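Note sheet for the following structure.
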Amino acid sequence: MTPATLLKLAKTHGTPLFVVDHAELRRNYATFRKHFPRVQVYYAVKVNSDPAIVETFYKAGGSFDVASMQEFHTVHQFIEDLPKKARQDFIWDKIIYANPIKPTETLRELDQYRPLVTYDNHEEVKKIAKHAPHAGLALRMRVPNTGSMVELSSKFGALPGEAVGLIEYAHKHDLVVEGLSFHVGSQCTNPQNYIQALHLCASVFAEAKSRGFDLKILDIGGGFPAAYDDSVPEFSTLAKSINHELDRLFPEPIEILAEPGRFLVASAGWAVSKIIGKAFRNDKTCYYVDDGVYHTYSGVIFDHCTYHMKSFKKGTPKLCAVFGPTCDALDTISLAEQLPDLEIGDYLYSEKIGAYSAASSTHFNGFPPAKVVHINQK
Ligand SMILES: *Cc1c(COP(=O)(O)O)cnc(C)c1O
């Protein structure tokens, strides 16, 4: 995507604008497949649940990680036309319900699909046994999230010492635990998180086996880092060390799943906003734009992510601040950007803003989410 194309789209469609390049989605999917040939890809729908994005990954051969009924139906609409008898296998193959905590209403609705669901505690086993007795289970393990941008283990996950007890408990409730899952934290730039998680799971596999439980699936979760800047380690290097341990510790016929989210969509999203106000405060120029942290830039708050604002105009860069359109002071995109002198009506854009951005837009203060434009759809 060239800045000229982006500017043209903004002038055609108006701002705030969120552009998704489906050619980039397909490239990211292909890259993941290439480096993880043994791993089945379950796109984590929460990262951006736009049905067009789901459709592109579906057409590329992808499967899906969902965490709510809404996400389940977004995915399921694309597989509705499947012959009934293939359905059960197909759902297992295409969808994992990877939220360890599920409302009973959700379990009741899911049961007809004989879903694969995650869990990590005794109460959840009792709920599943009662409301979704046809479900298959994956035990979510707590693993180190050291150095990941977003921590995902304090809320979920069984400790290694609890694991086999929880597998046995499910068995006593006539449920089958198919395997283990974990999440090393999002934007994980520390390969050791994966390595330690794999070692931990290997010991649970072994202990389970000695107690008569044969685990068949290992779900290595998400966390695969997007190349936001040069400090992010090479994907191929990370994949190589993970694959090495997978082959050593989890040989076939153990099935390996992954739930990448950010890696697949971050680089496929662009945001364009327009300057709607300008002031001089605290020794710097303050620009007010028509998109902010309640909208496409929500990742500044929820994702602990920094996005740089870029100008379509050239000029000597000067220190400035960029704020969103709402009345809340929290609506601050950045207090330290380098931009040329700009006027009201000029446009700004950000790259690599496809993940955890538009997905958590709100209507706060009466400002609607950015318009979404899809390009290069097949
Ligand atoms: C959020 C989430 C993912 C996606 O994580 P990324 O870091 O974006 O790859 C995968 N699995 C689970 C269970 C999640 O909660």
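Mind grabbing the accessible area of K209 for me, 1.4 Å probe, Å², rounded to tens?
Number for this one is 130 Å².
Could you give the distance between the Cα centres of segment 143-208 and segment 58-73, to the whole Å?
Between the Cα centres of segment 143-208 and segment 58-73 lies a distance of 22 Å.
Give me the three principal axis extents of segment 290-360 from the C-alpha atoms, as integers in angstrom, largest value leading.
Principal axes ranked by extent give 33, 26, 20 Å for the Cα atoms.
Dipole of segment 22-265, Cα-centred, from +1 at each Lys and Arg C-beta and -1 at each Asp and Glu C-beta, to the nearest 20 debye?
300
Probe 1.4 Å, all protein chains in place: accessible area of H171 in Å², nearest 10?
Surface accessible to solvent at H171 totals approximately 110 Å².
Excluding G354 itself, calculate the net charge of residues whose Cβ lies under 12 Å from the Cβ of G354, where each Lys or Arg counts +1 and each Asp or Glu counts -1.
Values: positive: R262, K352; negative: D21, E24, D50, D303, E351.
Around G354, the charge tally is -3.
Send over a whole-number figure in Å² for the accessible area per residue of segment 22-265, probe 1.4 Å. Display every interim value, and only then the final one.
Working: 10360 Å² over 244 residues.
With the other protein chains kept in place, segment 22-265 gives 42 Å² per residue.
Compute the angle between helix 122-131 and the longest alpha-carbon principal axis of the chain, please, reported from 0 to 90 degrees and rounded to the nearest 10.
80
If you fit an axis through the alpha-carbon atoms of helix 160-172 and take the longest principal axis of the Cα set of the chain, what angle between them do you get, 0 to 90°, nearest 10?
That helix lies at roughly 60 degrees to the long axis.
If you take the square roots of the eigenvalues of the alpha-carbon gyration tensor of segment 257-334 and sort them as a ≥ b ≥ c, do you get rounded (a/c under 1.5), prolate (a/b over b/c) or oblate?
It is prolate, given that a/c is not under 1.5 and a/b is the larger ratio.
For segment 153-223, what number results from the quotient of the Cα radius of gyration and 2.2 N^0.38 Å?
Relative to the rule-of-thumb radius for its length, segment 153-223 sits at 1.14.
Show V372, V204 ordered by accessible area, largest first, where the area counts protein heavy atoms only and the probe is 1.4 Å.
The residues order as V372, V204, largest area first.
If I model a spin label as a point 7 Å beyond the Cα along the Cα-Cβ vector, how far apart are those points for K34 and H122 in nm?
If labels sit at K34 and H122, their model points lie 5.0 nm apart.
Mind giving me the nanometre distance, one decimal, between the label points for A227 and D214, set 7 Å out from Cα along Cα→Cβ?
The answer from the label model is 4.2 nm.
Segment 216-368: D in µm²/s via Stokes-Einstein (Kirkwood Rh, Cα pairs, 25 °C, 0.890 mPa s)?
For the chosen part, D equals 140 µm²/s.
If you take every DSSP beta bridge whose two residues both sit in the chain, what share of them, in percent to the nearest 5, is antiparallel?
Bridges in the chain that DSSP calls antiparallel: roughly 40 percent.
Do the sum for the chain: with -39,500 (n - 2.57) for every DSSP H run of n ≥ 4, divided by all residues, what is the mean residue ellipticity at 222 nm, to the nearest 500 deg cm²/dmol? Before the final figure, lay out each step's value.
Numbers: 12 runs with 123 residues, N = 378.
Result for the chain: -9500 deg cm²/dmol, rounded to the nearest 500.
How far, in degrees from 0 to 90, does helix 235-249 lean away from the longest principal axis of the Cα atoms of the chain, to the nearest 10?
Between the helix axis and the principal axis of the chain, the angle is about 10 degrees.
What is the calculated FRET efficiency for A279 to F312, with r their C-beta to C-beta distance and R₀ = 22 Å, to the nearest 0.05? Intermediate results must be reported in sequence, preceding the final value.
Values: r = 21 Å, r/R0 = 0.97.
My answer for the efficiency is 0.55.
When the accessible area of segment 138-277 is computed with all protein chains present and a 1.4 Å probe, what percentage of it is carbon and sulfur?
53
Considering all projection directions equally, how large on average is the shadow of the alpha-carbon convex hull of segment 278-322, in square nanometres? All intermediate terms of the calculation are to be shown ahead of the outcome.
On the way: hull surface 15.7 nm².
Mean orientational projected area (segment 278-322, Cα hull): 3.9 nm².
Please give the contour-minus-distance gain from S236 to H73: 0.36 nm per residue of separation, less the Cα-Cα distance, rounded to one decimal in nm.
55.3 nm
Among DSSP beta bridges whose residues both lie in segment 98-255, state the antiparallel percentage, nearest 5.
Antiparallel bridges: around 5 percent, rounded to the nearest 5.
So if I average 1/r over every pair of distinct C-alpha atoms in the chain and take the inverse, what Kirkwood radius in Å does that give?
22.0
Can you compute the modelled spin-label distance between A329 and T2, with each label point 7 Å from Cα toward Cβ, in nm?
Taking the simple label geometry, A329 and T2 are separated by 4.4 nm.
The values are calculated or read from the model by the stated rules, or taken from the named source; none is laboratory data. What you are looking at is a predicted structure, and each value in this text was computed from that prediction instead of being measured. When we count neighbours, we look across all protein chains shown, and the Cβ atoms used for this are built from the backbone with ideal geometry, even at glycine. With ligands, DNA and RNA removed, areas are computed over all heavy atoms of the protein, side chains included. Shrake-Rupley method; radii C 1.70, N 1.55, O 1.52, S 1.80 Å.
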